[in-house]
Each structure stands twice: as C-alpha cells, then as structure tokens.
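Below is one structure, written out as structure tokens; comments come after it.
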Amino acid sequence: MSDPVGEITRLIEPSLSAMGYQLVRVQLSGGQQRPTVQIMAERSDGSGMTVEDCTEVSRAVSALLDVADPLPVSYMLEVSSPGIDRPLTRPADYQRFAGHEAKLETRWPVAGKRRFRGRLLGVEGEVVRMKTEEGEIALPLSEIERAKLVLTDELIAASLRRAEQH
C-alpha cells in the first residue's frame with residue numbers, strides 16, 4: 001500500500017459526509033510498530049463538535065477500518081475536532097477564513113522563502129493569496145505543505161459569533 005492516508009480518506013469520507021460531518025484531515029503518526037491514525041472532522045452545518053460527535057465519528061471510522069483493514073499492523077485511533085486555530089487543508093478553508101491570520105509552509109521555496117505568515121485574502125483558481133509584511137503573495141495550492149490559522153482575538157471573536165448562530 002503506497003498511500004495509506006489516501007486510502008483511509010477515500011474509505012471514510014463518504015460515510016462521514018452521510019453522517020453530517022466533513023473530514024478535515026487524516027494523519028498517520030508514531031512508529032511503524034503501532035502507528036496512530038488521527039482523524040480530524042467537523043460538523044457540516046458549521047456548529048461546534050461535541051464529545052458525543054467525536055465518539056460517533058470514532059465508532060463509524062473504527063468499524064470501517066476494521067472491515068477494510070488498510071494498515072498491516074495494529075494502530076491507535078484518535079478522533080478530534082479542528083479547534084479554533086485549525087489546520088487549513090482544503091481550498092474552501094482558505095476562502096472561508098479569508099481575513100484571518102495564518103501560517104503557511106510550502107514544499108519548495110516561493111519567492112525565496114518556505115514559511116509565510118499573514119492575512120489570508122482567499123483563493124483564486126489554484127492559488128492562495130495572502131498579505132504578508134513584505135506585501136501580497138500568491139502561493140500555489142499544490143505547493144502548500146502545511147497551513148493553519150493563527151490564534152488571535154479576532155479569530156476567537158469570529159468563532160464565538162459562529163457558535164452563537166448555531
């Protein structure tokens with residue numbers, strides 16, 4: 001199996017979607033002997049994840065993985081919500097959180113740098129636009145290795161407003 005994360009994603013995403021959740025990220029960590037499968041999900045309606053939601057996702061994912069057996073070794077399963085300073089994993093995330101501060105890291109240098117911090121301006125085609133201290137920059141989505149929101153008072157206030165709406 002060349003891409004266990006991709007296989008797990010393809011396996012669980014349709015079921016989570018049908019249950020009213022969006023898959024944010026699948027990550028494998030730990031050693032080869034007993035890896036940890038980390039599933040990050042959020043409610044499709046935008047309301048906050050509860051412990052009960054994580055339990056429901058965990059049971060569903062566990063059942064799917066038990067049947068498909070995508071990993072050749074035993075593993076630990078962790079299910080969590082993305083949190084306020086969440087990772088940005090989908091093009092829609094960059095659009096949804098436009099106006100907020102983020103940190104991005106690219107696979108290869110872009111304009112001589114790999115790490116960027118600034119205000120997200122959104123997505124145009126296959127490019128994330130960001131305003132940094134040095135000015136505006138366009139980063140190809142395909143080159144972004146890691147991205148997450150920066151915890152700011154503004155982000156906390158926006159998160160509280162979203163929670164009150166649901």
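The numbers here are math on the coordinates, done by the rules we state, and not lab data. Because the structure is a prediction, the values reported are computed rather than measured. So basically every Cβ, Gly included, is an ideal-geometry build from the backbone, and we count neighbours across all protein chains shown.
Under the classification rounded if a/c is under 1.5, otherwise prolate if a/b is larger than b/c and oblate if not, where does the stretch 54-153 fall, given a ≥ b ≥ c as square roots of the Cα gyration tensor eigenvalues?
Numbers: a/c = 2.78, a/b = 2.04, b/c = 1.36.
Here the stretch 54-153 falls in the prolate category.
Only the Cβ atoms of Lys and Arg (+1) and of Asp and Glu (-1) were treated as charged; on that basis the dipole of the chain about its Cα centre amounts to roughly 420 debye. Positive end of the dipole of the stretch 14-105 (Cβ unit charges, origin at the Cα centre): among 70, 55, 19, the Cα lying farthest that way belongs to 70. Principal-axis analysis of the Cα atoms of the chain puts helix 51-68 at an angle of about 60° to the longest axis. Distances between placed amide hydrogens fall under 5 Å for residue 121 paired with 99, 129, 130, 131, all partners being 5 or more residues away or on another chain. Taking the longest Cα principal axis of the chain as reference, the axis of helix 4-18 is set at about 90 degrees. Counting only alpha carbon atoms, the long axis of helix 153-165 and the longest principal axis of the chain meet at about 50°.
Annotation: the antiparallel percentage among DSSP beta bridges lying fully within the chain is about 85.
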